[in-house]
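Please read the structure below before turning to the comments.
We did not get these values from a lab; they are worked out from the coordinates using the rules stated. Given the structure is predicted, the values throughout are model-derived calculations rather than measurements. All Cβ positions, even for glycine, are placed from backbone atoms using ideal geometry, and neighbour counts span all protein chains on display.
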Amino acid sequence: MPRTLILLRHGKSDWSTDADDFDRPLKKRGRNASIQVGKWMFENGLVPDFVITSPAKRAVQTAELACEAMGIRKKDIYKQKHIYLATPEELLYVLENCPGQANSVMLVGHNPGLEELLYFLVDGQITIPEDGKILPTATLAILQMPDNWGGLNNGSARLKHLIRPRELS
């Protein structure tokens, strides 16, 4: 049975704080976009079976707000240290270790790793937007995946949707 991978880049972070990169929170705009994305996912039947996020504050906040909008409890969000500043290879390792029974996984993380993973999974078969950003903040990429989370190869996925928060307004 084909699986679904939902990549969600964290919402817009607040650079006005003196927090280090890992502890930087979301801006109000980032919080609002995270909720909006979660509501859209719920309304479109895209509630994931398994949610995994970077432990960085802005990613956790994004995951929690989006999940709350979908009816997923905070305690059901798995934090994985390997997602923070991850390479595509590290993100593939994270996916390989997702529960086998999960048909739909949402991975919340950061660029450039998420964009590079997306590009790899679809073998470059993606239109680069005019602004050059495939996954700006709080953007969703929804991919149709093979039957198994392990052994993902270049081109093993098909991009179904790329949704930016401003498209949901």
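Which residues, taken from the stretch 49-78, are over 18 Å from Ala138 (Cα atoms) and of a type in the set (D, E, K, R)?
Asp49, Arg73, Lys74, Lys75, Asp76, listed by residue number.
For the stretch 47-64, give me the residue count where each residue is assigned to a helix (DSSP H, G or I) and either in contact (Cβ under 8 Å) with a residue 40 or more places away in the chain or under 16 Å from Ala86 (Cβ atoms) (or both).
Going through the stretch 47-64 one residue at a time, the tally reaches 6.
Being without any contact (Cβ under 8 Å) to a residue 60 or more places away in the chain and touching a strand residue (DSSP E or B) at 6+ places or on another chain (Cβ under 7 Å) is the filter here; which residues of the stretch 26-46 pass it?
Leu26, Lys27, listed by residue number.
State whether the residues of the stretch 97-107 include one that is of a type outside the set (S, T, N, Q) and within 27 Å of Lys28 (Cβ to Cβ).
Looking for residues that are of a type outside the set (S, T, N, Q) and within 27 Å of Lys28 (Cβ to Cβ), one finds at least one in the stretch 97-107, hence yes.
Just give me the residues in the stretch 133-169 being over 19 Å from Lys39 (Cβ atoms) and of a type in the set (Val, Ile, Thr), in sequence order.
Ile134
Residue-wise test of (1) closer than 17 Å to Thr53 by Cβ; (2) among the basic types (Lys, Arg); (3) out of contact with any Leu (no Cβ under 8 Å at 6 or more places or on another chain).
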{"position": "Asn97", "(1), (2), (3)": "yes, no, yes"}
{"position": "Leu107", "(1), (2), (3)": "yes, no, no"}
{"position": "Leu118", "(1), (2), (3)": "yes, no, no"}
{"position": "Thr127", "(1), (2), (3)": "no, no, yes"}
{"position": "Ala138", "(1), (2), (3)": "yes, no, no"}
{"position": "Pro146", "(1), (2), (3)": "no, no, no"}
{"position": "Leu152", "(1), (2), (3)": "no, no, no"}
{"position": "Ala157", "(1), (2), (3)": "no, no, no"}
{"position": "Arg166", "(1), (2), (3)": "no, yes, yes"}
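Would you pick out the residues in the stretch 38-71 that are over 20 Å from Met145 (Cβ atoms) and of a type in the set (Val, Ile, Thr)?
Val60, Thr62, listed by residue number.
Give me the pairs: first residue in the stretch 130-157 and over 25 Å from Asn44 (Cα atoms), second residue among the aromatic types (Phe, Trp, Tyr), beta-carbon distance under 9 Å, and six or more apart or on different chains, which are they?
Qualifying pairs under 9 Å: Leu152/Phe120; Asn153/Phe120; Asn154/Phe120; Gly155/Phe120.
Scanning the stretch 33-66 for residues that are within 16 Å of the chain's Cα centre (by Cα) and among the polar types (S, T, N, Q), which turns out surrounded by the most Cβ atoms within 10 Å (Cβ to Cβ)? Let's see the steps before the verdict.
Our first condition is that a residue be within 16 Å of the chain's Cα centre (by Cα); within the stretch 33-66, this holds for 33-42, 46-66.
Imposing the further condition that a residue be among the polar types (S, T, N, Q) reduces the set to 34, 36, 53-54, 61-62.
On the way: Ser34: 29, Gln36: 19, Thr53: 25, Ser54: 27, Gln61: 21, Thr62: 31.
Filtering first and then ranking leaves Thr62.
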